[in-house]
Each structure stands twice: as structure tokens, then as C-alpha cells.
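Single-structure report; data block below.
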Amino acid sequence: MVVTGSQLCKGFISGANNIANHRKEVDALNVFPVPDGDTGTNMTMTVGAAKRELEILPENATAGQVAQTTASALLRGARGNSGVILSLLFRGFSTQLKGKDTVSAADLAGSLEIGVEGAYKAVMKPTEGTILTVARLASEEARKALDANPQMTAPALWDVVITAAAEALAATPEQLPVLKKAGVVDAGGKGLLLIFEGIAAVLSGGAVVSEPVTGAEKDTLFPSERNAAGEYEGEITFTYCTEFIVLRADQEQEPMLLREYLESIGDSAVVVDDEDIIKCHVHTDNPGDALQRALAFGGLTKIKIENMREQHADQKQSIKNKSSNSFPYAPVDPSREYGFVAVAAGEGVKSLFTDLGVDNVVSGGQTMNPSTDDLLEAIHATPAKTVIVMPNNKNIIMAAEQATKMADRDVFVLPTRTIPQGLGAMLAFNPEAPLAENQLKMVKATERIGTGLITFAARDSSIDGDKIKKGELLALENGKISFTEKDMVKAVVKLVRSLIKKDSTFVTLIYGADVSAEQAREVEAAVSARLPDSVELALIEGGQPVYYYIISVE
């Protein structure tokens with residue numbers, strides 16, 4: 001028994017619905033009690049990007065077409081490390097099923113093997129006891145089962161995958177001590193199992209797992225496509241927002257030739273390609289010409305043409321409320337060597353980056369990981385020959401690295417893990433120096449900066465035997481929980497003193513949205529009274545969510 005393209009499509013949609021149903025449960029598996037348990041949300045939004053594309057595929061789509069659509073959408077919609085790894089795992093389906101109408105048991109086993117290999121290669125230091133382990137062990141057991149019974153059906157093989165993934169997940173606490181101490185299994189592995197189980201519901205002959213929610217919450221989990229009128233806040237030069245996907249017929253044809261043509265008949269042209277498709281976007285007065293030229297590269301699908309002038313009047317107010325992660329495409333300016341993209345939350349923090357020369361700041365950070373597509377859009381809006389990206393969060397680095405592979409200009413991801421590291425890197429940049437020298441100087445600058453964070457415990461927990469109560473202040477020193485406190489002033493003073501080194505010269509306190517100016521000045525005075533005379537202190541209104549204070553020590 002094989003799986004048809006229609007069944008595979010419904011299976012992937014079912015998997016997306018299943019993890020959405022359990023999103024909060026996966027979020028709650030975050031090891032630390034800080035308010036950043038977003039693995040379930042990231043994975044849900046990642047597969048949600050694929051779900052939207054799958055729901056508009058024709059009923060007679062082949063398995064290969066379904067797999068390719070899924071892989072492309074997952075890659076562009078990937079959020080956080082878990083989302084990126086998920087996209088890489090499912091890329092195996094696209095590779096294995098290319099050109100195939102149906103899916104055999106051997107195809108499923110091969111898809112998992114290719115996906116696991118790609119995911120492990122993408123992670124610099126793979127850690128066992130994570131989503132990678134769950135995927136690998138499920139893949140290995142699938143291969144063993146198929147070797148033992150080559151006539152096994154696809155649904156039967158997937159049952160083996162489910163069982164092996166569940167067993168691997170249950171064993172993750174034994175592989176990662178931090179999971180065992182917290183009494184939880186790996187969140188990413190749990191999310192993957194939920195997706196696999198959703199797929200199994202269809203492959204076994206059952207129905208698609210029902211959608212999780214309705215109304216506003218559903219819109220958040222599976223956001224709709226952006227509105228064309230919201231893309232352009234100034235004068236509308238061209239009338240029609242034209243989007244389409246080319247199914248590549250000839251791999252030798254250069255997609256950038258199509259982009260050059262689109263730029264000649266309009267503006268905001270974006271052309272992103274991978275092995276099998278070319279995704280195009282352009283504002284033009286002649287959408288028919290764009291489609292006609294694109295036909296020379298292959299068949300067309302997902303054509304969308306919207307009159308922006310007609311929509312603009314009705315959408316003007318909503319544009320003001322639109323997500324700030326929307327950037328108009330800008331072609332490379334040959335006279336500009338460098339451009340910068342940073343990720344940050346809070347208007348004050350964003351201003352710090354723009355004041356230092358960052359071209360585009362993507363809204364995001366802890367609990368709000370931008371997608372690969374969000375980052376790619378900001379890169380393409382930066383008109384420089386080389387774009388330097390500062391993720392400023394460890395959970396955004398992988399998504400940024402995936403975006404570099406789809407960019408139409410050179411991109412370097414500086415692996416900044418905190419806001420202070422990103423700011424320090426910008427201060428170290430020398431516009432007259434070559435890229436290699438700047439890379440070295442910026443990386444070294446991040447190593448000299450200590451980062452402190454004051455937030456709150458999102459739930460009761462226990463770390464290294466110490467009990468943490470929900471609502472207590474949490475102090476994090478360079479990414480690790482240092483202590484808990486009930487008094488804000490005492491917490492900041494203690495954390496600063498812990499971060500200060502003999503050669504420290506500068507301390508910056510960036511206060512967040514939930515701290516008043518009066519409260520911040522009280523903390524500033526207390527910290528200042530305890531600093532050596534050789535250390536300068538600066539207080540800045542950051543307006544960031546989640547963290548009451550971001551502390552930088554140089």
C-alpha cells in the first residue's frame with residue numbers, strides 16, 4: 001500500500017493541526033522558567049506556513065509536488081532553532097519524492113534519512129537528547145524494519161516511526177541532565193512527535209486532526225498572507241502587486257534574468273529560487289507582461305494580482321498598525337560596501353541600533369522569533385553588497401543562516417546572542433576595513449561584553465536543587481540563571497556587581513516597557529553608588545518586553 005499525493009497533503013495538514021492543538025503543552029516543556037518557552041509556538045508557526053500553501057494545492061497534486069511545496073514553505077516560514085531543524089528534516093521528503101506520484105515505505109524511510117543527515121550537518125555542535133535524536137532514532141528504526149520486511153506498507157512503516165520517536169523522546173532526560181533535573185522531555189522532540197502523530201492519523205486511514213482554535217488565536221497560530229496594500233505606505237507608483245511561483249522547467253536558466261526583467265517593468269521586485277521553484281513578487285502596471293516572461297522559465301502556479309491603489313484607501317489605518325517586519329525591496333547599490341540588519345524589540349533598543357548605522361531592525365527576540373522569510377525580507381531591503389546580520393538571540397541564529405542561502409546578495413551572520421553583543425559589534429565596526437578584518441573585530445567585541453538580564457519566573461521550577469517560585473525576579477548572567485530575588489533594586493545591583501571585572505570600564509542599564517522612568521532612576525542611583533570611580537554608567541529607556549533590565553558590561 002502506497003500513499004497518494006492527496007493523502008500526504010492531508011497528512012501534513014493534520015500534523016500542523018496536531019501540534020497547534022498542543023502548542024502550549026510544548027511551550028511549557030522549556031527547561032528554564034524564564035518567559036521564553038516558545039518551542040511549541042515556533043514549530044506551530046513554522047508548519048503553519050506550509051499548511052497555508054498545502055490548503056490551496058489542487059486535489060490531484062502528486063506526492064512530489066506536495067513535498068516540494070511543504071519544504072519550500074517550511075524553509076521560508078522557519079522560526080527559532082526548532083523551526084529551522086524541522087524545515088531541514090522535511091526537506092528530505094522533497095528530495096526523496098521529487099518527480100514521484102505516490103509514496104512507498106521505502107520513500108518514507110529514505111525521506112527521513114536524508115532529512116536527518118541535513119539537519120545534523122546544519123547544526124554546528126549537535127546535542128543528543130534533542131529533536132535531532134528523536135528524528136535520528138525514528139529514522140534508524142524505520143530502516144531496520146524495512147530491511148527486515150521489504151514488503152511493508154507505508155502506513156505500517158510510519159507506525160514504526162511513531163513508536164521509535166516516542167521511545168526516543170521518553171529517553172531524552174537520560175541523555176540531557178538538564179532535562180532530568182527539570183523533570184521534562186525535550187520540547188522540540190515532543191513537537192516533532194506530535195507532527196508525526198498527526199500525519200499518522202491520515203496515513204492509517206483516519207481523518208485529518210481538526211483545527212485547534214477559531215478566531216483571533218487561530219489567526220495568531222496560522223497568520224494569513226500579508227495584504228498588498230499594506231506593503232506600501234508612501235505614494236503608489238505602480239498599480240498591481242503581482243506574485244506567482246514558477247515551476248522550473250530548465251535548471252540551466254538563470255532566475256536572476258527574470259528578476260532583471262521584472263525590475264525593468266516595475267519596482268519592489270523580489271525573486272527567490274531553490275532547486276525546483278522560483279518565487280516572484282513585483283509591483284507593476286503590466287502584470288500580464290510579468291507572467292508572459294515568467295512562462296519562459298516554466299509553468300506558473302499560485303498567481304495573485306491585487307490592485308494596490310484600490311486597497312490603499314481602505315487599508316490606510318490598518319497600515320499604521322501593521323507589523324514592523326515589512327521592508328520594501330531595495331536593489332544592491334554598487335557604491336555601498338556594507339549594510340546591517342539586527343533583531344530587537346522595544347523602540348528604544350531599536351533606536352540604539354539605527355543610531356549606530358543599522359539599516360533595518362527586525363522586530364523580535366525572546367518569545368518573538370522572526371521567521372527566515374522575515375529576515376530575508378530585511379536583508380533584501382538593505383541596499384549593500386554585503387549585509388551583516390546580528391540575530392542578538394541564540395534561537396534566531398539558525399534562521400538567519402538559512403536566510404543567507406536564499407539572499408541575492410552576500411550576507412554574513414554575526415552570531416550575536418544578546419542585545420549588548422549586537423551593540424558592541426556595531427561599535428567595533430570600521431567602514432574602511434575589509435570584511436575579514438571587520439568580522440574578526442566584531443566577533444572579538446562580543447566576547448568582551450558581559451550581559452545581564454532581569455526577568456521573572458514564568459512558573460514554579462527547580463534548578464540545581466534550588467526552588468524557584470512563579471513571579472520571582474530571575475537574574476541571568478550571560479545566559480545562565482544566576483539567582484532569584486524579590487526586590488528589583490537589589491536584583492540589579494547584585495547582578496551588575498557579579499558582571500563587573502577588574503578591567504570593566506562601562507555599564508549600560510536598558511530598562512524595559514514595564515519599568516517607569518522613576519523606578520529606573522532609583523535603580524541607577526543604587527548601582528552608581530556601588531560602582532568603582534573608573535566605571536561609567538549609562539541609563540537608557542529601551543522599551544523592551546519580557547526583560548525589566550538588559551545590562552551591558554564592557
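The values are calculated or read from the model by the stated rules, or taken from the named source; none is laboratory data. It should be emphasised that the depicted structure is a prediction, and the values quoted were computed from it without experimental measurement. Note: ideal-geometry Cβ built from the backbone for every residue, glycine included; neighbour counts use all protein chains shown. Please note that ligands, DNA and RNA were not included when accessible areas were found on the heavy atoms of the full protein model with its side chains. Shrake-Rupley method; radii C 1.70, N 1.55, O 1.52, S 1.80 Å.
Some notes on this structure:
- Test set (1) closer than 27 Å to residue 124 by Cβ; (2) surrounded by fewer than 24 Cβ atoms within 10 Å (Cβ to Cβ) - residue 47 fails condition number: (2)
- The single condition among (1) under 27 Å from residue 177 (Cβ atoms); (2) in a loop (DSSP other than H, G, I, E, B) that residue 430 does not satisfy is (1).
- When we screen 491, 520, 513 for residues that are within 28 Å of residue 469 (Cβ to Cβ) and open to solvent by 60 Å² or more (accessible area, probe 1.4 Å), the only hit is 513.
- Positions within segment 497-510 being more than 24 Å from residue 347 (Cα to Cα) and open to solvent by less than 60 Å² (accessible area, probe 1.4 Å), in sequence order: 498, 499, 500, 504
- Cβ-Cβ under 7 Å pairs, at least 6 apart or on other chains, segment 536-550 side over 19 Å from residue 456 (Cα atoms), far side in a loop (DSSP other than H, G, I, E, B) and open to solvent by less than 30 Å² (accessible area, probe 1.4 Å): 537/531
- Scanning segment 245-287 for residues that are assigned to a helix (DSSP H, G or I) and open to solvent by less than 70 Å² (accessible area, probe 1.4 Å) yields 255, 256, 258, 259, 261, 262, 263, 265, 287.
- Of residues in segment 72-87 being open to solvent by 10 Å² or more (accessible area, probe 1.4 Å) and closer than 22 Å to residue 140 by Cβ, the one farthest from the chain's Cα centre (by Cα): 85
- The number of residues in segment 385-418 that are surrounded by fewer than 21 Cβ atoms within 10 Å (Cβ to Cβ) and in a loop (DSSP other than H, G, I, E, B) comes to 9.
- Residues located in segment 141-157, provided they are over 15 Å from residue 3 (Cα atoms) and in a helix (DSSP H, G or I): 141, 142, 143, 144, 145, 146, 147, 148
- Filtered residues of segment 366-384 (kept if touching a helix residue (DSSP H, G or I) at 6+ places or on another chain (Cβ under 7 Å) and not in a loop (DSSP other than H, G, I, E, B)): 371, 372, 373, 375, 376, 379
- Residue check for residue 454: of a type outside the set (D, E, K, R) and more than 30 Å from residue 184 (Cα to Cα): no
- Single residue of 384, 407, 436, 428 found to be without any contact (Cβ under 8 Å) to a residue 12 or more places away in the chain, farther than 17 Å from residue 364 by Cβ and of a type outside the set (Lys, Arg): 436
- Residues that are touching a Phe, Trp or Tyr at 6+ places or on another chain (Cβ under 9 Å) and either at pLDDT below 90 or open to solvent by 50 Å² or more (accessible area, probe 1.4 Å) (or both) within segment 420-437 comprise 431, 435, listed in sequence order.
- Residue within segment 93-106 that is in contact with a Lys or Arg (Cβ under 9 Å, 6 or more places away or on another chain), in contact (Cβ under 8 Å) with a residue 24 or more places away in the chain and open to solvent by less than 10 Å² (accessible area, probe 1.4 Å) present: no
- Exactly one residue out of 134, 160, 178 is part of a helix (DSSP H, G or I), buried (at least 23 other Cβ atoms within 10 Å of the Cβ) and aliphatic (A, V, I, L, M): that is 134.
- Evaluation of residue 423 against (1) among the aliphatic types (A, V, I, L, M); (2) touching a Leu at 6+ places or on another chain (Cβ under 8 Å); (3) assigned to a loop (DSSP other than H, G, I, E, B) (one fails), failing number: (3)
- None of 326, 335 is in a loop (DSSP other than H, G, I, E, B) and at pLDDT below 80 except 326.
- Scanning segment 47-81 for residues that are basic (Lys, Arg) and within 14 Å of residue 372 (Cβ to Cβ) returns 76, 79.
- Residues (in a helix (DSSP H, G or I) and open to solvent by 60 Å² or more (accessible area, probe 1.4 Å)) located in segment 1-25: 10, 21, 24, 25
- Selection count, segment 426-460, where residues are touching a Leu at 6+ places or on another chain (Cβ under 8 Å) and acidic (Asp, Glu): 0
- Pairs linking a residue in segment 466-479 that is on the phi > 0 side of the Ramachandran plot to a residue that is surrounded by 16 or more Cβ atoms within 10 Å (Cβ to Cβ) and among the polar types (S, T, N, Q), with Cβ atoms under 6 Å and 6 or more positions apart or on different chains, are 478/451.
Residues checked against (1) modelled with pLDDT of 90 or more; (2) among the acidic types (Asp, Glu):
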{"position": "341", "(1), (2)": "yes, no"}
{"position": "358", "(1), (2)": "yes, no"}
{"position": "365", "(1), (2)": "no, no"}
{"position": "401", "(1), (2)": "yes, yes"}
{"position": "411", "(1), (2)": "yes, no"}
{"position": "418", "(1), (2)": "yes, no"}
